[in-house]
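Laboratory data are not the source of any read-out in this text; all were calculated from the coordinates shown. On a predicted model such as this, the values are computed, not experimentally measured, just so you know. We place every Cβ from the backbone using ideal geometry, glycine too, and count neighbours over all the protein chains shown.
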Amino acid sequence: MGWLWAIIVGFVLGLIAKAIIPGKQHSPLWLTTIFGMLGAIVGNAVARAAGVESTPGIDWSRHAFQLIAAIVIVALGDMLYMATLGKRKHHRA
């Protein structure tokens, strides 16, 4: 069940990050999900380092760190995708 939650959280974080980032992102949905999963992992690590990994009630600060990390990773990952694989796909179309 842990992997299923990781995929669901990654999918949601990736989509939210794509919606927040201005402009169009070209990375495919599966890659956005992986970027979101990485954002959750990095956000958890930052929250742990900040001492807010687990708080009473909803962990809003941890979720904020996850979302910020997902936004950064989706933005950078999309730029890297376009710089490598995306160019070839755009020239064919």
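General observations
- Residue count for region 3-37, restricted to those that are under 17 Å from A83 (Cβ atoms) and of a type in the set (K, R): 1
- With a requirement of 2 or more residues that are surrounded by fewer than 18 Cβ atoms within 10 Å (Cβ to Cβ) and either aromatic (F, W, Y) or touching a Lys or Arg at 6+ places or on another chain (Cβ under 6 Å) (or both), the helices (runs of 4 or more DSSP H) lying completely within the chain that satisfy it span 2-20.
- Test set (1) more than 22 Å from M79 (Cα to Cα); (2) touching a residue at least 40 places away in the same chain (Cβ under 8 Å) - S54 fails condition number: (2)
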